[in-house]
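The values are calculated or read from the model by the stated rules, or taken from the named source; none is laboratory data. What you see is a predicted model, and the numbers here were worked out from it, not measured in a lab. Positions of Cβ are backbone-derived with ideal geometry, glycine not excepted, and every protein chain shown enters the neighbour counts. Note: accessible area is taken over every heavy atom of the protein model, side chains too, but ligands, DNA and RNA are not part of it. Shrake-Rupley method; radii C 1.70, N 1.55, O 1.52, S 1.80 Å.
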Amino acid sequence: IGRLIIDIVSAVKSNKPIESTDLTKLQSLAGRSKQTQSAVPYIKSDIKLLKLQVELQANLHSILPGEPLLETLQIIIIVDLKQAITVSRKFNISPKQLTGLVLKVLAAKSDKHTELYDYATINGGGKIIGFETFFYELAKLGERRQAGLYLPFCKKMTIKQKIRSYIFCGMWKEAVAEAGSKNEVGLLKSMAESRTGWEASVASDEIERLSK
């Protein structure tokens, strides 16, 4: 069994195809000995992953058989998010862990931001780890306008946190509207006094509207 493991590891490191018969043989040999029986579930999981990686490598050349599951998932997320979700379920990746990975991968790619937004708002990703997490990750990457799109869904933020966040994202009108929706006249006065030009006018107009 030791020789077989060495041969399989060597094939993986050399990026050579792994025969499924070798993997099945390894599983069978492990099951025969009491000393190695406890390793059988792990071997089964590894065999399952290796077979998937070999299969996917035909179209996704950047996938390397033998690499960790999460690294393979990151590649699939970029190419086919639906397939990534399917694979994560097969390997019992928790929705929370998958969503965190999807956010990390897609937030870093500006051409994937629409897909990320749909995943958060339509597919439930925002409810799984919180829309605030999406906001902070995008803000951290300097994607302020994209981050601002998640603020209407950030229910855990205080009114002051949300207003500051809108301002941080360059969304003054939305910040004023948020303060107005909560009837925060004192806060609106502070906002009006802190700005000049059209920004001060927008805040003053909101104060006047609330006073009617």
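For residue 195 and residue 140, what is the calculated FRET efficiency with R₀ set at 35 Å and r taken between the beta-carbons, to the nearest 0.05? Before the final figure, lay out the partial values.
Numbers: r = 26 Å, r/R0 = 0.74.
Calculated value: 0.85.
Of 48/127; 104/182; 48/82, which pairs sit farther than 27 Å apart, going by alpha carbon to alpha carbon?
Values: 48/127 30 Å; 104/182 33 Å; 48/82 19 Å.
Those over the limit are 48/127; 104/182.
Mind giving me the FRET efficiency for residue 177 and residue 97? R0 is 30 Å, r the Cβ-Cβ distance, nearest 0.05 is fine.
Calculated transfer efficiency: 0.25.
So how do 68-77, 186-195 stack up, highest first, on mean other-Cβ count within 10 Å? Walk me through the numbers before you get to the answer.
Working: 68-77: 17.8, 186-195: 16.1.
Descending mean neighbour count gives 68-77, 186-195.
Mind computing the radius of gyration and Dmax over the alpha-carbon atoms of segment 74-130? Å is fine for both.
Radius of gyration, then largest Cα-Cα span, for segment 74-130: 10.3, 29 Å.
Mind listing the phi-derived Karplus ³J(HN,Hα) values for segment 155-163, rounded to whole Hz, using 6.51, -1.76 and 1.60 with θ = phi - 60°, and x for any glycine or proline?
7, 7, 6, 6, 4, 5, 4, 5, 5
Starting from the 7 Å offset along Cα-to-Cβ, what nm value, one decimal, do you get for the label separation of residue 127 and residue 89?
For the pair residue 127/residue 89, the computed spacing is 1.6 nm.
Please list the radius of gyration and Dmax for segment 119-212, considering alpha-carbon atoms only, with Å as the unit.
14.3, 42
For segment 160-207, what is the accessible area per residue in Å² when the probe is 1.4 Å? The partial results should precede the final answer.
Values: 2590 Å² over 48 residues.
On a per-residue basis, segment 160-207 sits at 54 Å².
Treat each spin label as a single point 7 Å out from the Cα along the C-beta direction, and report the residue 82 to residue 54 distance in nm.
So the label points at residue 82 and residue 54 sit 2.8 nm apart.
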